[in-house]
Every structure is written in structure tokens, then in C-alpha cells.
Amino acid sequence: MTEQKNIERLAELIKKSKSTVFFGGAGVSTESGVKDYRSEDGLYNTVREYGVPPETILSRSFFERNPETFYDFYRKYFIVEKVKPNAAHTALAELEKRGLMSAVITQNIDGLHQLAGSKNVLELHGTIFKYHCSRCQTEYGIDFLERTEGVPRCEKCGGIVKPDVVLYEEPLDGDIMSRAVREISNAELLIIGGTSLAVYPAAGLLMYFTGKNIVLINKGETPYDGRADLVFRESIGGVLGEAARLAIL
Ligand SMILES: [Zn+2]
């Protein structure tokens with residue numbers, strides 16, 4: 001089948017499905033210019049100036065030991081200005097508005113789905129938009145980070161303020177995980193985009209899917225290609241944008 005035929009099929013699946021969930025990874029944001037982690041051009045293969053791998057910097061113990069270096073890295077690579085939602089984010093928000101998308105489950109922390117207008121977004125790895133004091137738990141927004149330099153300190157108690165981003169060695173948020181499980185269990189159609197599904201918790205979550213159809217949009221192969229009804233190797237923005245347009249017609 002040609003790509004256009006497959007996109008038409010995807011649009012049909014979206015229209016027929018009583019509950020559709022999108023599960024996305026870093027590849028959804030790369031089309032917005034956000035660096036991913038594991039690809040050749042990703043953070044893990046290109047950031048070397050700290051003398052330790054970014055995976056180490058992004059761990060809880062490193063954050064506690066060396067918050068200065070953590071925040072230097074974090075501010076430089078995660079607080080990227082002028083990043084805008086792309087066609088994939090916009091398509092998902094539009095589908096939700098029309099009642100054709102139940103939930104977006106994302107491994108990304110950039111908040112681009114919400115910026116595009118999606119409401120039911122489950123951020124498995126947290127968000128760069130929220131912060132809290134590691135001592136007194138006072139909450140802050142990203143504006144607080146932008147007003148401060150280096151390691152942000154709590155205005156009330158002077159404690160170190162930590163991003164609500166899940167670091168290595170930290171557990172995922174139990175409430176968000178159970179909501180993600182519920183959404184996936186109830187879904188009839190699961191669209192997976194921009195993730196190799198190799199990393200926890202992606203693969204584990206997919207085990208809860210008992211619906212009808214799986215659609216994969218990813219540049220590289222995934223362990224789930226064989227189980228998918230449709231596999232796209234093209235741009236996520238291109239595929240979702242066109243499929244959403246056809247589904248909404
Ligand atoms: Zn505090």
C-alpha cells in the first residue's frame with residue numbers, strides 16, 4: 001500500500017474508534033527542534049563538555065551531589081526558548097477537541113502537547129514547567145527558574161528547588177502511571193509515535209493494551225512492528241497532520 005492509502009486507513013481507524021490513545025516519545029518533539037536522547041545527534045551522544053555522561057547528570061544522586069552542574073546542563077539543554085509545537089502536536093490537540101482522541105501519554109517533558117492545546121496529557125517523566133522545593137515542598141513554575149540563575153533556591157526556606165522531572169533512580173509518579181494504564185486498557189486504537197519502545201516504562205505499558213488496532217509511526221524499527229496494523233517510517237507531523245485532516249473532514 002502506498003503511504004497515502006495507509007494514511008487514509010489511519011484516518012478511518014481514528015473515525016471508527018470509540019477510544020484512541022496516543023503514546024509518544026522523543027521523536028514527537030524532534031520535529032520541533034528539541035534534541036532527543038538516544039539518537040546519533042541526541043543529547044547522550046553529543047554532550048561531552050561535563051566530563052560525565054548526561055545520563056549521570058540526570059540522576060537523582062548527581063542532582064543531590066552536584067546541583068550546580070545539574071542546573072548548568074538543565075538550563076542549557078532543557079530550557080530551550082522558542083520551541084513550538086509541530087504538526088503532530090497540533091493534530092493531536094485538534095483530534096481531542098473533536099472527541100477523537102482520549103488521551104496523550106508522553107515520555108517528553110517539554111510541555112508541547114499542552115502548548116498545542118491538548119488537555120488530557122499524561123507526562124510519564126514529568127515536566128519542565130513545574131518545580132518544587134526539595135525541603136518544604138513549596139511549588140514553583142518555570143517563571144521562577146527564568147527569574148533565577150544557577151541553582152534556584154526556595155524563597156521561603158532557602159532549600160534547593162527541583163524540577164518536577166523524573167530523574168534516573170527516581171520512581172515514576174504512581175498516579176500518572178495508573179491513569180496511563182487505565183487509558184491504554186480502555187483504548188480501542190493505540191497510536192504510537194516517535195519512540196523505539198525499548199525503554200521502560202513504554203514496553204511495560206503496552207502490555208495493558210487489549211484493544212483492536214495498533215499503529216506505529218517511528219523512523220526506526222521497534223519490537224512491536226510485527227503486532228502493528230499499520231507502520232509508518234515517515235515524519236510524525238506529516239502522517240498525523242494528514243490523518244487528522246482526513247478524520248475531521
Ligand atoms: Zn522551601
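The values are calculated or read from the model by the stated rules, or taken from the named source; none is laboratory data. What you are looking at is a predicted structure, and each value in this text was computed from that prediction instead of being measured. Here the Cβ is made from the backbone with ideal geometry for all residues, glycine too, and neighbour counts use every protein chain on show. Side chains are part of the model used for accessible areas, which takes the heavy atoms of the whole protein and leaves out ligands, DNA and RNA. Shrake-Rupley method; radii C 1.70, N 1.55, O 1.52, S 1.80 Å.
Checked against (1) in a helix (DSSP H, G or I); (2) hydrophobic (A, V, I, L, M, F, W, C); (3) more than 25 Å from Glu221 (Cα to Cα), Val28 meets all criteria but (3).
In the list Glu96, Glu123, which residue meets the criterion of being under 23 Å from Gly24 (Cβ atoms), in contact with a Lys or Arg (Cβ under 7 Å, 6 or more places away or on another chain) and of a type in the set (Asp, Glu)? Before the answer, list the steps.
Details: Glu123 fails: in contact with a Lys or Arg (Cβ under 7 Å, 6 or more places away or on another chain).
Exactly one residue qualifies, and that residue is Glu96.
Residues in the stretch 131-144 that are more than 13 Å from the ligand (Cβ to nearest atom) and either within 10 Å of Val161 (Cβ to Cβ) or in a strand (DSSP E or B) (or both): 1 in all.
For Val83, indicate whether it is surrounded by fewer than 22 Cβ atoms within 10 Å (Cβ to Cβ) and of a type in the set (Val, Ile, Thr). Yes, satisfied. Determine which single condition Ser178 fails, assuming it passes every other condition in (1) on the phi < 0 side of the Ramachandran plot; (2) among the small types (Gly, Ala, Ser); (3) in contact (Cβ under 8 Å) with a residue 12 or more places away in the chain. For Ser178, the exception is condition (3). Every residue in the stretch 197-218 that is touching an Asp or Glu at 6+ places or on another chain (Cβ under 8 Å) and open to solvent by 50 Å² or more (accessible area, probe 1.4 Å), please. Answer for the stretch 197-218, where residues must be touching an Asp or Glu at 6+ places or on another chain (Cβ under 8 Å) and open to solvent by 50 Å² or more (accessible area, probe 1.4 Å): just Lys212.
Here Lys76 passes the criteria (1) open to solvent by 70 Å² or more (accessible area, probe 1.4 Å); (2) modelled with pLDDT of 95 or more except the one numbered (2). With respect to Ser102, is the statement that it is open to solvent by 10 Å² or more (accessible area, probe 1.4 Å), within 27 Å of Leu122 (Cβ to Cβ) and either at pLDDT 95 or above or out of contact with any Ser or Thr (no Cβ under 8 Å at 6 or more places or on another chain) (or both) true? Judged against the criteria, Ser102 is a match.
Every residue, every condition in (1) touching a Leu at 6+ places or on another chain (Cβ under 9 Å); (2) closer than 21 Å to Asn218 by Cα; (3) part of a helix (DSSP H, G or I), yes or no:
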residue	(1), (2), (3)
Leu122	no, yes, no
Glu146	no, no, yes
Asp164	no, no, no
Pro171	no, no, no
Ser185	no, no, yes
Ser196	no, yes, no
Gly204	no, yes, yes
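Of the residues contained in the stretch 165-184, none is found to be within 16 Å of the ligand (Cβ to nearest atom) and open to solvent by less than 30 Å² (accessible area, probe 1.4 Å).
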